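The values are calculated or read from the model by the stated rules, or taken from the named source; none is laboratory data. Please read all numbers here as calculations on a predicted model, not as lab measurements. Here the Cβ positions follow ideal geometry from the backbone for every residue, glycine too, while neighbour counts run over all protein chains shown.
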Amino acid sequence: MKGLIIIPDFTGFTGFVKNIDIELGVSITSELINTIIDNNTLGLVVSEIEGDAVLFFKLGEPVNLTEVFDGLKIMHGAFNRKLRELSAQHHLDVNLSLKFIVHYGELSVYDIQGFKKLFGQTVIEAHSLLKNGAGQTNYILLTQDYISSNSDATCFQSAYWKYNSSRSTMVKGLRSIDYSFYTYAA
């Protein structure tokens, strides 16, 4: 079955972990992850929490592009507000930002002791794209697989997210994936 995968992931997490007390780091990470999940307006299902990332999915037809951009704007804004609140509360300069991977393709869902797990090449591809930001922060990476599945892709415009560039990467052992970056328009 086809499905949508969205992965919100922190940028700067390694430096954050390296430079913060472990208990405070866990507390801040937990609050930020909960904020992302609580602000999921797209009806996505949580498959996994992966340290500083959430693996969301939705089976069936893809959510249209405008709705995805609006939903990710809500998550991104809530994340930034919570980050500012926590930074002020703990008198810290927390240098984290949020990126999103959006991919669409064949996947399967199975249960392991109550947990919904994802299986398929699409899942591997989405994870491999997490390291393709080329030093950028606060962005959405949309795969061509997702864009092609949308009828409104050619007329998309947003004041919050601005088109940055298009690229391609070879996912080791699988295939080449084309994608586009949209960066936060501060």
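Can you go through HIS76, HIS91, HIS103 and tell me which one is more than 13 Å from LEU142 (Cβ to Cβ) and buried (at least 19 other Cβ atoms within 10 Å of the Cβ)?
HIS76
With the requirement that a residue be surrounded by fewer than 19 Cβ atoms within 10 Å (Cβ to Cβ) and either within 16 Å of HIS127 (Cα to Cα) or in contact (Cβ under 8 Å) with a residue 12 or more places away in the chain (or both), what does the range 17-34 give you? Quick ask: steps written out before the conclusion?
First, pick out the residues of the range 17-34 that are surrounded by fewer than 19 Cβ atoms within 10 Å (Cβ to Cβ): 17-27, 30-31, 34.
Passing the criteria: ILE20, LEU24, GLU31.
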Exercise. Filter the range 164-177 for residues that are outside any loop (DSSP other than H, G, I, E, B) and modelled with pLDDT under 80; which is farthest from THR122 (Cα to Cα)?
Worked result: ASN164
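Return the only residue of GLY43, GLY25, GLY15 being closer than 28 Å to ASP145 by Cα and among the small types (Gly, Ala, Ser). Step through it out loud before you land on a result.
Numbers: GLY25 fails: closer than 28 Å to ASP145 by Cα; GLY15 fails: closer than 28 Å to ASP145 by Cα.
The match here is GLY43.
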Exercise. Name the residues in the range 99-158 that are of a type in the set (A, V, I, L, M, F, W, C), at pLDDT below 90 and part of a loop (DSSP other than H, G, I, E, B), would you?
Worked result: ALA134, PHE156
Exercise. Taking the range 59-97, which residues are over 15 Å from SER27 (Cβ atoms) and over 15 Å from the mean Cα position of the chain (by Cα)?
Worked result: LEU59, GLY60, GLU61, PRO62, ASN64, THR66, ARG81, ARG84, ASP93, ASN95
Exercise. For the range 1-36, which residues satisfy the criterion of being of a type in the set (A, V, I, L, M), within 27 Å of LYS117 (Cα to Cα) and part of a loop (DSSP other than H, G, I, E, B)?
Worked result: MET1
